[in-house]
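The values are calculated or read from the model by the stated rules, or taken from the named source; none is laboratory data. For clarity, every value in this text was computed on a predicted model and none was experimentally measured. Note that we place each Cβ from the backbone using ideal geometry, even for glycine, and neighbour counts take in every protein chain shown.
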């Protein structure tokens, strides 16, 4: 379907109201809001169902947007044109990219988290969506098999979560909404040990066996992994840091552990390096 030639200029328009409600309240009816051509491209490439899109006249003039509009048209995704100011008012960014899409939230079969030799991320109470998104991005980059996001974690498909994950939330199998105790029971049933970081742990992170099936637990900034989770961890790991530094950002700590696991496993099949 080609772009609707009419430019919506009213805030009373039903489409604008629907997009604004999704931006303000988050998940409604299993939907998420994608901002910018890159995220929409990532979603389409990951098989996420894009239901409709809006573009501002200014953005429509850009070559990348025209290419994306042609792709959406080939998939019969309706596209509406909204006035630049309306699209900008829906943006979380300081400068709007002029392109938004409404998509169905991807869901994953829980068994996919355990594909291959499981390397599972257990995120507990990470409320900062940017940090959670970055954790998923790091997990995918290191070859993790999937993630459980439990006990008050932010929405990985919020604007900040998606910006942090750069599309990884579309691809990395993850399950939301389970209690930590329930997830620990499920990991126990599959005989997958949980490892958690602790500043006073005896075992250094690079001394642990991370090549075997394992789940790595990460907690919120400041508070770390909750005691109820740490107590059920089979091994507690220490990341040596300078005495003048109290702790590491959760994304950095996750990167250290996940890429040590990747090193022990021979690294994932790489298409690029950084």
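Worth a mention:
- So residue 256, is it out of contact with any strand residue (DSSP E or B) (no Cβ under 7 Å at 6 or more places or on another chain), outside any loop (DSSP other than H, G, I, E, B) and in contact (Cβ under 8 Å) with a residue 24 or more places away in the chain: yes
- Subset of the range 126-150 [more than 15 Å from residue 113 (Cα to Cα), touching a strand residue (DSSP E or B) at 6+ places or on another chain (Cβ under 7 Å) and surrounded by fewer than 21 Cβ atoms within 10 Å (Cβ to Cβ)]: 127
- Considering 90, 33, the condition of being at pLDDT below 95, buried (at least 22 other Cβ atoms within 10 Å of the Cβ), under 21 Å from residue 7 (Cβ atoms) and not assigned by TED's automatic domain parsing to the domain that holds residue 173 is satisfied by 33 alone.
- Residue in the range 117-127 that is free of Cβ contacts under 8 Å to residues at least 40 places away in the same chain and more than 14 Å from the chain's Cα centre (by Cα) present: no
- Residue check, residue 101 in contact (Cβ under 8 Å) with a residue 40 or more places away in the chain, under 30 Å from residue 146 (Cα atoms) and outside any strand (DSSP E or B): no
- For the condition surrounded by fewer than 20 Cβ atoms within 10 Å (Cβ to Cβ), in contact (Cβ under 8 Å) with a residue 24 or more places away in the chain, not in a loop (DSSP other than H, G, I, E, B) and not assigned by TED's automatic domain parsing to the domain that holds residue 172, residue 53 does not qualify.
- Set 211, 242, 233: member being touching a helix residue (DSSP H, G or I) at 6+ places or on another chain (Cβ under 6 Å), in a loop (DSSP other than H, G, I, E, B) and in the same structural domain as residue 139 (by TED's automatic domain parsing): 211
- The residues listed here are 93, 139, 101; of these, the one that is within 30 Å of residue 215 (Cα to Cα) and touching a helix residue (DSSP H, G or I) at 6+ places or on another chain (Cβ under 9 Å) is 139.
- In the condition set (1) touching a strand residue (DSSP E or B) at 6+ places or on another chain (Cβ under 9 Å); (2) surrounded by fewer than 23 Cβ atoms within 10 Å (Cβ to Cβ); (3) at pLDDT below 95, residue 157 is compliant with all but (2).
- Screening 161, 116 for residues that are more than 26 Å from residue 227 (Cβ to Cβ), in a helix (DSSP H, G or I) and not assigned by TED's automatic domain parsing to the domain that holds residue 43 leaves exactly one candidate, 161.
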